[in-house]
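Have a look at the structure below before the remarks.
The values are calculated or read from the model by the stated rules, or taken from the named source; none is laboratory data. Since the structure is predicted, the reported quantities are computational estimates derived from the model, not experimental observations. Counting neighbours? That spans all protein chains shown, and the Cβs are built from the backbone with ideal geometry, glycine included.
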Amino acid sequence: MKRVLVSGASGIVGYGVLRALRQTGQDIFLVGTSIYDDSVAPAFCDVFEQAPLTGTPEYLDWLLATLRRHRIDLLVPGIEIDMYHWVDHIPHIQATGALPLLNEPSLIALCKDKWGFYQQLLAAGVTCAIESSLEQDFATLVAQFGLPFLLKPRRGFGSKGIVRVTSEAVFQKHRADIGTVLMAQPIVGNDEEEFTLSAFCDGSGGYFASMTLQRKLSRDGFTDKAEVADSAEFDPAIDELCRLLRPLGPTNFQFRRCAQGPKLLEINPRISSSTAIRTAFGYNESAMALDYFLDQRDPAQPVIRRGRAVRYTDEHIFYEDGLHL
């Protein structure tokens, strides 16, 4: 029996991973963790553990004790903050006998700051990089990017905190944050031609398998609606990025289709929010991670079913007599 802990199990990534692992049919003992004691997480795991806030003084001791108590083999970060915290404590985690599902540490560090990430892509001459700037002069940015343009947080995920600059008045409200907090970018492509591609990477500049979805985002920045798409037009960009960055394991690349070719919005060096959708179409990256990191079996490209997915709100009922609906 394999024993897996998934953090952030109350969120769309966390319970998506738990559901994907359950669907493998393998004998897996699943532990879900969350800071919330009243979430849906217990419905998808064998044991639920309430976690302290990541980054608090007691968190690491709690995590290590939980890993030992449940004899965990693999732990999967369901929220970004856990990924950043765990990568700083890999030796402590491994000392419990558990393996954290983490990408290449240098890539994780690079993805933490979108400006530093852009600088590396620029230096390498990566063609899919979106031109970015820390310029604080409105007229200069309009001449460079046109109007409207975007002010994007250097740190963060999804579409949270992005400012669409439509006038100098809007710009001046945020001007002081450019450089330290925000960076400027042109608007590339349109909302109807945004794609999320997940690849299971080999850490040596290549990848074993991939799947692409054309998607629409929710207000929270997660995939809301998606349709299976061909990956061929993104292959050259993925090849170039993998050779440069050497990601390892599940890696998420987000693109906009443009006249000049695909442009990279960002890389999430982890399992992303559309993992449950990908699993439903035949691409179970959580199962691949289990096989690759615990059994040393290379993933193969799965057959992907065609179709579309729509997310909606549903309920899970916990009856007092212990039966669930």
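Descriptive notes on the structure:
- Restricting segment 123-146 to residues that are touching an Asp or Glu at 6+ places or on another chain (Cβ under 8 Å) and surrounded by fewer than 16 Cβ atoms within 10 Å (Cβ to Cβ) leaves a set whose member that is farthest from SER272 (Cα to Cα) is GLN144.
- Flag for LEU141 being over 22 Å from PHE234 (Cβ atoms), touching a Phe, Trp or Tyr at 6+ places or on another chain (Cβ under 8 Å) and either assigned to a helix (DSSP H, G or I) or modelled with pLDDT under 95 (or both): yes
- Among the numbered conditions (1) on the phi > 0 side of the Ramachandran plot; (2) more than 16 Å from the chain's Cα centre (by Cα); (3) small (Gly, Ala, Ser), the only one that ALA143 does not meet is (1).
- Extreme residue, surrounded by the most Cβ atoms within 10 Å (Cβ to Cβ), among residues of segment 147-175 that are under 29 Å from the mean Cα position of the chain (by Cα), outside any strand (DSSP E or B) and hydrophobic (A, V, I, L, M, F, W, C): PHE157
- Selection count, segment 190-234, where residues are part of a loop (DSSP other than H, G, I, E, B) and on the phi < 0 side of the Ramachandran plot: 9
- Restricting attention to segment 85-105, the residues that are exposed (fewer than 14 other Cβ atoms within 10 Å of the Cβ) and either part of a loop (DSSP other than H, G, I, E, B) or small (Gly, Ala, Ser) (or both) total 2.
- Checked against the criterion of being of a type in the set (A, V, I, L, M) and under 30 Å from ASP177 (Cα atoms), segment 56-68 has no qualifying residue.
- Any hit, segment 62-79, residues being in a loop (DSSP other than H, G, I, E, B), in contact with a Leu (Cβ under 8 Å, 6 or more places away or on another chain), under 18 Å from LEU21 (Cα atoms) and β-branched (Val, Ile, Thr): yes
- For segment 302-323, the criterion of a residue being modelled with pLDDT under 95, within 25 Å of PRO153 (Cβ to Cβ) and charged (D, E, K, R) is satisfied by at least one position.
- Against the criterion of being within 15 Å of the chain's Cα centre (by Cα) and under 20 Å from ALA309 (Cβ atoms), SER231 does not qualify.
- Only one of GLY249, GLY203, GLY261 that is in contact (Cβ under 8 Å) with a residue 40 or more places away in the chain, within 21 Å of PRO299 (Cβ to Cβ) and either surrounded by fewer than 15 Cβ atoms within 10 Å (Cβ to Cβ) or among the polar types (S, T, N, Q) (or both): GLY203
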